[in-house]
Protein chains: 2
Amino acid sequence: MTVGELGESGVLARILAQLGAARAASIGPGDDCAVLASVGDVAITTDTMIEGPDFRLAWHEGFDLGWKLAATNLSDVAAMGARPTALTVALACPKSTPVALLEEISRGLDAACRELAPGCGVVGGDLGQAPVLTAAVTAIGDLERRTPVTRNGAKPGDTVAYSGVLGLAGLGLSLLFEHCADADGTAHSIGLAELRNTHSAELSAQFAPRAPIHDGILASEAGATAMMDVSDGLSLDADRLARASGVRIDFSPELLLAGFEAQQGIKVPLRAMLDGGEDHGLLACFPRGTQLPGGFVAIGEVHAAAGESITVGGSPYTPRGWDPYNKLTTLNNPATLSSDAAE
Amino acid sequence: MTVGELGESGVLARILAQLGAARAASIGPGDDCAVLASVGDVAITTDTMIEGPDFRLAWHEGFDLGWKLAATNLSDVAAMGARPTALTVALACPKSTPVALLEEISRGLDAACRELAPGCGVVGGDLGQAPVLTAAVTAIGDLERRTPVTRNGAKPGDTVAYSGVLGLAGLGLSLLFEHCADADGTAHSIGLAELRNTHSAELSAQFAPRAPIHDGILASEAGATAMMDVSDGLSLDADRLARASGVRIDFSPELLLAGFEAQQGIKVPLRAMLDGGEDHGLLACFPRGTQLPGGFVAIGEVHAAAGESITVGGSPYTPRGWDPYNKLTTLNNPATLSSDAAE
């Protein structure tokens, strides 16, 4: 059964059947708007995933797509120190799309909310027609009277810390391009089942990131001076945080290798940690001596600004990561990730 | 200059330069989330416009697209009786898209906020790559301690009223298909300048709807029992409201013709009023005898449910309007609008 055969109201009913309620919502899907209670100020973010540049149906299953859509947006809410309360989801697809795919996406959205941000749920959305599968999610969070943690508060002397997996999602994408794509980069699923078996950690991180959502609130409560979600690549995102704060961030290769080289038994090259992207962990700065909360691990130190925004072991490092229009290189050419080649 | 040539951060800077601030936002674009104050509960809605099914670049200019994107979402917020406070905007497009088009869209978004919902503004967004121009907007509103006006509160005896233009946007689309499209429906701009000159009211309503946003708050304050935004067609949307409320809505052809037949000097067929869609006015029910607020005009009456949800002059009427997957007919075949042919 395709969405074209079933029509809008039928598709909507099938999607809504997959979704649990959001605790803060007094009005959920079905009216012009959903209505949410909020104790404090409201944090809001939006992120889009489009078949082709952002995912490939030969690799990504519906459930995982829904999960990743939720995780990437929840992670942005967490990075302000807010508690995610609701998602809205705009889905557009060709008329020939199986309704079952949209149902799977909805199940993944709902499961990620339940597991990563209990109480949060999908409260509204929109259905449309598009040449490729297109999903735009907006996430809302409640700051519950906490002050939002922005990117611009890092101070020289702060400890730089990270919570989440690091580099695995980028390695997962490298593996997919290496084993499950033609020479021209066209995705196929031959060999994917085997790859899932031999490299489950990397593929799980790529397909369904387990973003440490609750650590955002813990970081805020522990006095984080600056925080952001790492989605495009640690070096690129840290460069943004350092520039916004007017500081230099120096990553310690020793701390990175000690903290993340052997995640889940995988040896992760330093380059993949720094430039991999899509891990959706949290990068935060804390006053020196802070007892790091939750899953945060120290990975560097903040210094006064001096030329470069990012250094690694004191040496200049060119930030790299994802650019949707391909001005930057790593995720668009992920084969570069798996080696530790010098610049 | 294309978005592919300029890259994400350059495009973003050009877009942000077009946008004014939102009054409720303590943190605007540039961090993981925007942060908004809200006095009361938060209303939230999302709506997508995609090149092809929703608009054609041969007809719709960037500024108008931005305006319409804002207006359609602001209208959903208004329909709950909330005050719009902020928009987030996800834009995706081919790398070959001129940056100037995204700037124009941004100018239109900003202008519609300023004119239709002063204080509201774009607070965040996302840029991506897609095979066709794709825009997903989420709008947030503040209920300011008013009770939300839902679709399900209409009571027998209520007066049915409408604020806004009615039928003009659908007629505008009919005219475009008639004069500015090939036999297969492919849009072109030959003759468009002349059509704008001879049919400015219909084309303005189609391109840049002036949704009566403030009337949503007025309706709430006047005691509206049910309200919704009319986007897909008056008959189709009223059918939804009637079903949600468990009532029948009877439209008065006399009141419709008296109230809307000669809008801005245009003779609008009854069929276009009932099935046209895209006008983004407000349909509301009020207890009988209520002094109708703002631009609301009485167009019918609520009756106890009995078979049909919608009647016109007491006779059954099959609701018609927009379905993104083409299960319904009118906007997908808008030539049917310009005649008052019997069913």
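Would you check if A:Ala24 is more than 8 Å from chain B (Cβ to nearest Cβ), modelled with pLDDT of 95 or more and buried (at least 24 other Cβ atoms within 10 Å of the Cβ)?
Yes; evaluated as a whole, the condition is true for this residue.
Quick check: is even one residue across segment A:55-63 modelled with pLDDT of 95 or more, surrounded by 24 or more Cβ atoms within 10 Å (Cβ to Cβ) and among the hydrophobic types (A, V, I, L, M, F, W, C)?
Checking segment A:55-63: not a single residue is modelled with pLDDT of 95 or more, surrounded by 24 or more Cβ atoms within 10 Å (Cβ to Cβ) and among the hydrophobic types (A, V, I, L, M, F, W, C).
Looking at (1) in contact with a Phe, Trp or Tyr (Cβ under 6 Å, 6 or more places away or on another chain); (2) in a loop (DSSP other than H, G, I, E, B), which is the one condition that is false for A:Leu283?
With (1) in contact with a Phe, Trp or Tyr (Cβ under 6 Å, 6 or more places away or on another chain); (2) in a loop (DSSP other than H, G, I, E, B) applied to A:Leu283, the lone miss is (2).
Check whether at least one residue in segment B:255-268 is of a type in the set (D, E, K, R) and in a helix (DSSP H, G or I), and report yes or no.
First pass over segment B:255-268, keeping only residues of a type in the set (D, E, K, R): B:261, B:267.
If we keep only those that are in a helix (DSSP H, G or I) as well, we get none.
No: zero hits.
Under 6 Å between Cβ atoms, which residue pairs at least 6 apart in sequence (or on different chains) link something in segment A:35-48 that is without any contact (Cβ under 8 Å) to a residue 60 or more places away in the chain and facing another protein chain (nearest Cβ under 7 Å) with a partner that is surrounded by fewer than 24 Cβ atoms within 10 Å (Cβ to Cβ) and among the polar types (S, T, N, Q)?
From segment A:35-48, the pairs are A:Val35/A:Ser26.
So A:Gly7 ticks every box in (1) surrounded by fewer than 18 Cβ atoms within 10 Å (Cβ to Cβ); (2) closer than 30 Å to A:Glu144 by Cα; (3) at the interface with another protein chain (Cβ under 7 Å from one of its Cβ atoms) but one. Which box is left unticked?
Going through the list (1) surrounded by fewer than 18 Cβ atoms within 10 Å (Cβ to Cβ); (2) closer than 30 Å to A:Glu144 by Cα; (3) at the interface with another protein chain (Cβ under 7 Å from one of its Cβ atoms), A:Gly7 breaks only (2).
Among the residues of segment B:200-213, write down those that are touching a residue at least 60 places away in the same chain (Cβ under 8 Å) and out of contact with any Pro (no Cβ under 9 Å at 6 or more places or on another chain).
B:Ala201, B:Glu202, B:Ala205, B:Gln206, B:Phe207, B:Ala208, B:Pro209, B:Arg210, B:Ala211, B:Pro212
Tell me, which residue of segment B:255-283 that is aliphatic (A, V, I, L, M) and out of contact with any Leu (no Cβ under 9 Å at 6 or more places or on another chain) is surrounded by the fewest Cβ atoms within 10 Å (Cβ to Cβ)?
Checking each candidate, the answer is B:Ala262.
What is the residue count in segment B:298-310 for residues that are aliphatic (A, V, I, L, M) and surrounded by fewer than 16 Cβ atoms within 10 Å (Cβ to Cβ)? Show your work before the answer.
Filtering segment B:298-310 for residues aliphatic (A, V, I, L, M) gives B:298-299, B:302, B:304-306, B:310.
Filter once more, so that each one left must be surrounded by fewer than 16 Cβ atoms within 10 Å (Cβ to Cβ): B:304-306.
Of the residues in that region, 3 qualify.
Looking at A:Ala161, A:Ala130, A:Ala154, which one is under 25 Å from A:Asp32 (Cα atoms) and either away from every other protein chain (no Cβ under 13 Å) or aliphatic (A, V, I, L, M) (or both)?
Checking each option against the conditions leaves just A:Ala130.
Name the single residue that is farthest from the other protein chains (Cβ to nearest Cβ) among those in segment A:103-116 being surrounded by fewer than 24 Cβ atoms within 10 Å (Cβ to Cβ) and of a type in the set (A, V, I, L, M, F, W, C).
In this case the residue turns out to be A:Ala111.
What residue, of A:Val122, A:Val99, A:Val89, is at the interface with chain B (Cβ under 9 Å from one of its Cβ atoms), at pLDDT 95 or above and over 30 Å from A:Cys285 (Cα atoms)?
Going through A:Val122, A:Val99, A:Val89 in turn, just one is at the interface with chain B (Cβ under 9 Å from one of its Cβ atoms), at pLDDT 95 or above and over 30 Å from A:Cys285 (Cα atoms): A:Val89.
Output the residues belonging to segment A:217-234 that are part of a loop (DSSP other than H, G, I, E, B) and either without any contact (Cβ under 8 Å) to a residue 60 or more places away in the chain or under 13 Å from the mean Cα position of the chain (by Cα) (or both).
Within segment A:217-234, A:Ser231, A:Asp232, A:Gly233 meet the criteria.
From A:Thr138, A:Thr97, A:Thr72, grab the single residue that is within 18 Å of the chain's Cα centre (by Cα) and farther than 20 Å from B:Ala25 by Cα.
Values: A:Thr138 fails: farther than 20 Å from B:Ala25 by Cα; A:Thr97 fails: within 18 Å of the chain's Cα centre (by Cα).
Result: A:Thr72 is the single residue among A:Thr138, A:Thr97, A:Thr72 that is within 18 Å of the chain's Cα centre (by Cα) and farther than 20 Å from B:Ala25 by Cα.
Can you pull out every residue in segment B:234-266 that is of a type in the set (A, V, I, L, M) and under 15 Å from B:Thr150 (Cβ atoms)?
Result: B:Ala238, B:Leu241, B:Ala242, B:Ala244, B:Val247.
Determine, yes or no, whether B:Asp41 is acidic (Asp, Glu) and modelled with pLDDT of 95 or more.
yes
Report, by residue number, each residue of segment B:224-236 that is closer than 14 Å to B:Ala272 by Cα and in contact with a Leu (Cβ under 8 Å, 6 or more places away or on another chain).
Result: B:Val230, B:Asp232, B:Gly233, B:Leu234, B:Ser235, B:Leu236.
So, in segment A:10-21, how many residues would count as being within 14 Å of chain B (Cβ to nearest Cβ) and in contact with an Asp or Glu (Cβ under 8 Å, 6 or more places away or on another chain)?
Looking only at that region, the number is 2.
Within segment A:212-241, can you find the residues that are modelled with pLDDT of 95 or more and among the small types (Gly, Ala, Ser)?
The answer is A:Gly216, A:Ala219, A:Ser220, A:Ala222, A:Gly223, A:Ala224, A:Ala226, A:Ser235, A:Ala238.
Return the residue satisfying two criteria in turn: it lies in segment A:70-86 and is within 12 Å of another protein chain (Cβ to nearest Cβ) and closer than 16 Å to B:Asp126 by Cα, and of such residues it is surrounded by the fewest Cβ atoms within 10 Å (Cβ to Cβ).
Once the filter is applied, the top-ranked residue is A:Thr72.
State all residues of segment A:238-254 that are surrounded by 23 or more Cβ atoms within 10 Å (Cβ to Cβ) and in a helix (DSSP H, G or I); if no residue qualifies, say none.
A:Ala238, A:Leu241, A:Ala242, A:Ser245
Can you find a residue that is in contact with a helix residue (DSSP H, G or I) (Cβ under 7 Å, 6 or more places away or on another chain) and hydroxyl-bearing (Ser, Thr, Tyr) anywhere in segment B:236-257?
no
The values are calculated or read from the model by the stated rules, or taken from the named source; none is laboratory data. Here the structure is a predicted model, which is why all the values come from computation and not from measurement. FYI the Cβ positions are ideal-geometry reconstructions off the backbone, even for glycines, and counts take in every protein chain you see.
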